[in-house]
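Asks: If you scroll down you'll find the structure; I have some questions about it.
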Amino acid sequence: AQSVTQPDIHITVSEGASLELRCNYSYGATPYLFWYVQSPGQGLQLLLKYFSGDTLVQGIKGFEAEFKRSQSSFNLRKPSVHWSDAAEYFCAVDSGGYQKVTFGTGTKLQVIP
Amino acid sequence: DTGVSQDPRHKITKRGQNVTFRCDPISEHNRLYWYRQTLGQGPEFLTYFQNEAQLEKSRLLSDRFSAERPKGSFSTLEIQRTEQGDSAMYLCASSLVTGGQVGEQYFGPGTRLTVT
């Protein structure tokens, strides 16, 4: 069965600092990978996705993620965090492209001035 | 297009009562999904529809839960004889899948259920 691990429950960064959120997945083949953001009272919004091809994917709001097969990882990065990035971030995996998506437990990002 | 909408946004009910939630997907989307999200957890897949056909149900979906998508447009999720453990955010998402191409899932704002 597919699974996703987000080891960091809560991360605090200063505004303007760089950010990396970790995600590890478990699945036998190449999965479809996603990062979503959820702000309080808002629905989940897709930041970026990886299906195949270039292992460095660019997303919205200046985010990027890199797929590393050897490490079973799909870490999310942003070079300079803005206060509006404070939210909860979910990594997700879909094993067969049929969109039965399994989500991680999320990482809550706090941005301090 | 106004995106995926869900109604109601909040529902408080007493244990043992039945509740029904509605989801209106993006109009041209042929797939519709239901997820449940409890505090401190990520969304968990419950079920999904391709047009009006319910193609998969999670083991999380007990016999007290039923979902329908009668005309391949909006969907309803009913919970019978609610229990306190049913308290959660219920999320709906929709996507367009054509010719095997995987489309992005668009999520609604969710319905927050509180069972007292």
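Asks: Other chains' Cβ within 10 Å of A:79-92 residues: what's the mean?
Replies: Shielding by partners across A:79-92 averages 1.
Asks: Starting from the Cα of A:I60, step 7 Å along the direction of its Cβ; do the same at B:K71; then give the gap between the two resulting points in nm.
Replies: Result for the modelled spin labels: 3.0 nm.
Asks: Would you mind checking A:K61/A:K108; A:K49/B:K11; A:K100/B:K71; A:K49/A:K108; A:K108/B:K14; B:K11/B:K57 for any pair whose Cα atoms are more than 25 angstrom apart?
Replies: Flagged as over cut-off: A:K49/B:K11; A:K108/B:K14.
Asks: Using 14 Å as the cut-off for backbone N distance, which residues of the range A:1-42 belong to the label zone defined by a point 7 Å from the Cα of A:K108 along Cα→Cβ?
Replies: A:8-13, A:38-41
Asks: Follow-up question, since we're still on this one. Given a Förster distance of 30 Å, report the FRET efficiency between B:Q101 and B:T38 from their Cβ-Cβ distance, rounded to the nearest 0.05.
Replies: 0.40
Asks: Let me ask something additional. What's the average, rounded to a whole number, of partner chain beta-carbon atoms within 10 Å of each residue's beta-carbon in B:35-45?
Replies: 5
Asks: Within the set of other residues whose C-beta is less than 11 Å from the C-beta of B:D86, count the net charge using Lys and Arg as +1 and Asp and Glu as -1.
Replies: Net charge around B:D86: +4.
Asks: Using the alpha-carbon centroid of each, what span in Å lies between the range B:1-78 and the range A:1-28?
Replies: Their Cα centres are 28 Å away from one another.
Asks: While we're looking at this one, here's another question. What does the extension gain come out to for B:R22 and B:H10, with contour length at 0.36 nm per residue minus their alpha carbon separation?
Replies: Stretched fully, the B:R22-B:H10 segment lengthens by 3.1 nm.
Asks: Within 10 Å, count the other beta carbons around each residue, average over each peptide in B:28-37, B:80-89, and list them highest first.
Replies: B:28-37, B:80-89
Asks: Just add up the charged neighbours of B:A53: K/R +1, D/E -1, any other residue whose Cβ is under 14 Å from the Cβ of B:A53.
Replies: For residues surrounding B:A53, the net value is +1.
Asks: Evaluate the distance, in nm, between pseudo-label points positioned 7 Å from the Cα of A:R77 and of B:R64 along their respective Cα→Cβ axes.
Replies: 4.7 nm
Asks: Also, quick follow-up: I'd like the accessible area for B:K11, computed on protein heavy atoms only with a 1.4 Å probe and all protein chains in place. Round to 10 Å², please.
Replies: Estimated to the nearest 10 Å², B:K11 gives 80 Å².
The values are calculated or read from the model by the stated rules, or taken from the named source; none is laboratory data. Because the structure is a prediction, the values reported are computed rather than measured. Counting neighbours? That spans all protein chains shown, and the Cβs are built from the backbone with ideal geometry, glycine included. Ligands, DNA and RNA are excluded from the accessible area calculation, which covers all protein heavy atoms including side chains. Shrake-Rupley method; radii C 1.70, N 1.55, O 1.52, S 1.80 Å.
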